[in-house]
Amino acid sequence: MIKVYNTAGRTKEEFVPLKPGRVGIYVCGVTVYDRCHIGHARSVVVFDVIVRYLEWSGYQVTYVRNFTDVDDKIIARAAQEGVGSKEIAERYIQAYREDMAPLGLRPVDHEPKATEHIPEIIAAVQGLMERGTAYESEGDVYFSVADFSGYGALSGRNLEDMKAGARVEVDLKKRNPLDFALWKSSKPGEPSWDSPWGPGRPGWHIECSAMSSKYLGLPFDIHGGGEDLVFPHHENERAQAEALSGGEFVRYWLHNGFVRIDQEKMSKSLGNFLTIQEILQTCHPEALRLFLVSAHYRSPLDYGPEVMTEADEGLCRLYETLARADEYLGKNPDSVEGPLADLAEETRAAFREAMDNDFNSAQALGHLFNLARTINRALEEGNGAGGLARAREALVGLAGVLGILGRSPEIFAREREGLLADRQGLDPQAVQALVEERDQARKARDFAKADALRDRLAKMGVSLLDSPQGTTWKIKG
């Protein structure tokens, strides 16, 4: 039984989909006006893992994640660069795809853009006006929060308190300072579409309501996003969708925590803004994924060099376990039964228990490391390795739910060494040539030369491992 923390009720609830065996999930995507940062990566990876786990648990999932491709920030960026808003949006949609591709995400089932759903948005705004919860004012259309009972319930805010504490510029077009725009009249140079209220463009909140309901129907099972979206975005989505339909919008609201740097929320104003592009120049994408799932999704996550080194080292240990298991299985017949086979089943059960408890990936990851440690111990002791193939299968399969161990150990090692070589300004081919030169010196029993080459490589940050099969090398991270 899966339990999830529902933001709407502020409690864990049993997850019961609207349709048995099927799950519809909508996650707010990015506003495409800049490169994606590590906070975007966390949200995308968190919900990727949730979708993977639901599918692993036997559900058929329809996953929708949108692009906001018309917005004030996009318009401001376009004006700054002297280009059209469409050019900015298309540029950063492409950048988004480039940033996310290395993270090994499950493809979404629908990836709608707001600008491709203008008819649905206009129809929704018209419906709200017909129901008396929206009004037109000088070409703009606003949602009237006072006419929707329960406004503030999702975020836990009281309407009267919000009014008293509102720090909103006086807008004479609005009846209430908390009313929000459903449709904005166009200004010179801005993108616009024809509407019953004149040329204009949609407000941010109505875009997601229109797109989610189109692809998932109402109500649907899960709506996700970062915790910063609870208010006003998700509160407003809920209000307008339920005012329009007269029924429930979403059954379970899930929100991931922030990524912090030096205990502070990441932001451009603080100068602690890190893009995915920058981070992947210094670490393997699976190490970034491991870091992002190393804490419970609702908890804050602290980024820094030390924790990324830990993630990299942990990932290396898991891949080294796979390499050792593969080497052993290549030389030794394996029995289906044995202590490791039993441990594989125990690990699957413990993994499921952790993930059933509000997708506790941190605890689930701990079970994977425990399985890897036991495999290594069995191989070191030289006995009790019965069932190794099933243990290896469990390790890879469960790690796949978290989106790691998706490569062969050999490919991972090459990718990681290439990344470290680039970072440290080393030429992998030149390193390999020195390693081979040292091997030749050892074969010729010229140990003085071999030792000198080892020392030279060590100064370059390269460590060597001699074995009967030959010498392997690794760049120290």
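The values are calculated or read from the model by the stated rules, or taken from the named source; none is laboratory data. Everything numeric in this text was worked out from a predicted model, so none of it was measured. Here the Cβ is made from the backbone with ideal geometry for all residues, glycine too, and neighbour counts use every protein chain on show. When the accessible area is computed, the model is the full protein with side chains, heavy atoms only, and any ligands, DNA or RNA have been set aside. Shrake-Rupley method; radii C 1.70, N 1.55, O 1.52, S 1.80 Å.
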Exercise for review: Report, ordered by chain and residue number, the lysines lying within cross-link reach of residue 73, taken as a straight Cα distance under 23 Å and ignoring same-chain residues fewer than 8 apart.
Suggested key: 86, 113, 173, 174, 184, 187, 265, 268
Review point. Got a sec? What order do 133, 62 fall in by accessible area at 1.4 Å, biggest, i.e. largest, first?
Key: 62, 133
Review point. Please state the Cα pair-distance histogram of segment 5-68 with 10 angstrom bins from zero: what percent is in each bin?
Key: 18, 44, 31, 8
Check your understanding: Which semi-axis lengths, in whole Å and largest first, follow from the square roots of five times the eigenvalues of the Cα gyration tensor of segment 406-447?
Key -> 26, 14, 6
Revision key, fill the gap. The chain: spread of alpha-carbon positions along the three principal axes, whole Å, largest first, is 90, 53, 36
Review point. Roughly what percent of Cα-Cα pairs across segment 329-381 reach past 18 Å?
Key: 39
**Study point:** Ranked by how many other beta carbons lie within 10 Å on average, peptides 42-52, 274-284, 226-236, 455-465 from highest
**Key:** 42-52, 226-236, 274-284, 455-465
Exercise for review: Would you list the P(r) distribution for segment 256-414, with all Cα-Cα distances sorted into 10 Å bins from 0 and each bin expressed as a whole %?
Suggested key: 10, 36, 31, 16, 6, 1
Practice item. Beyond 13 Å, what share of the Cα-Cα pairs of segment 34-91 is found? Please give it as a whole percent. Key: 69
Check your understanding: Taking a quarter of the surface of the convex hull around the Cα atoms of segment 211-342, what do you get in nm²?
Key -> 13.4
Exercise for review: May I ask you to compute the full-extension gain from residue 265 to residue 345, defined as 0.36 nm times their residue separation minus their alpha-carbon distance, rounded to one decimal in nm?
Suggested key: 24.8 nm
Revision key, fill the gap. Gyration tensor (Cα only) of segment 379-477 to equivalent ellipsoid, semi-axes in Å sorted down, yields 32, 20, 9
**Study point:** By accessible area with a 1.4 Å probe, ligands and nucleic acids excluded, highest first: order of 443, 73
**Key:** 443, 73
Point to revise | Surface accessible to a 1.4 Å probe, residue 204 within the full protein complex, Å² | key: 90
Review point. Modelled label-to-label distance, residue 172 and residue 193, 7 Å Cα→beta-carbon offset: nm?
Key: 3.1
